[in-house]
Amino acid sequence: MKKNMGSMDKVIRIIIAIVLIVLFTTGKISGTTGVVLLALAGIFVLTSLISFCPLYLPFGINTCKKK
């Protein structure tokens, strides 16, 4: 797997994941919507940790800095 996420992209995803987790734990979002957004937060964290987003491949997106 070739990395296709830059550092700013990873930071933004982590921030969004934290916001979603806080909203879920405080009860601002709940039910099916809350569970779906919590799963999305988990995906954001996972893709940030491995620096690879599979959705970027079909669109040819690469936010890594060029070497």
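Within segment 1-16, is there a residue that is assigned to a helix (DSSP H, G or I), in contact with a Phe, Trp or Tyr (Cβ under 8 Å, 6 or more places away or on another chain) and within 17 Å of CYS64 (Cβ to Cβ)?
Yes, there is a match, as at least one residue in segment 1-16 is assigned to a helix (DSSP H, G or I), in contact with a Phe, Trp or Tyr (Cβ under 8 Å, 6 or more places away or on another chain) and within 17 Å of CYS64 (Cβ to Cβ).
Of all residues in segment 1-40, which are among the basic types (Lys, Arg) and in contact (Cβ under 8 Å) with a residue 24 or more places away in the chain?
LYS2, LYS3, LYS10, ARG13
Against the condition in a loop (DSSP other than H, G, I, E, B) and either at positive phi or not aromatic (Phe, Trp, Tyr) (or both), how does ILE29 come out, does it pass?
Yes.
Does segment 23-65 hold any residues that are surrounded by 13 or more Cβ atoms within 10 Å (Cβ to Cβ), of a type in the set (Phe, Trp, Tyr) and either within 23 Å of MET8 (Cα to Cα) or in contact with a Cys (Cβ under 6 Å, 6 or more places away or on another chain) (or both), and which are they?
PHE44, PHE52, TYR56
Throughout, read-outs are computed from the coordinates displayed, never taken from laboratory work. Treat the numbers as computed from the prediction; the structure is a model and nothing was measured. Cβ: placed from backbone, ideal geometry, glycine included. Neighbour counts: every protein chain shown.
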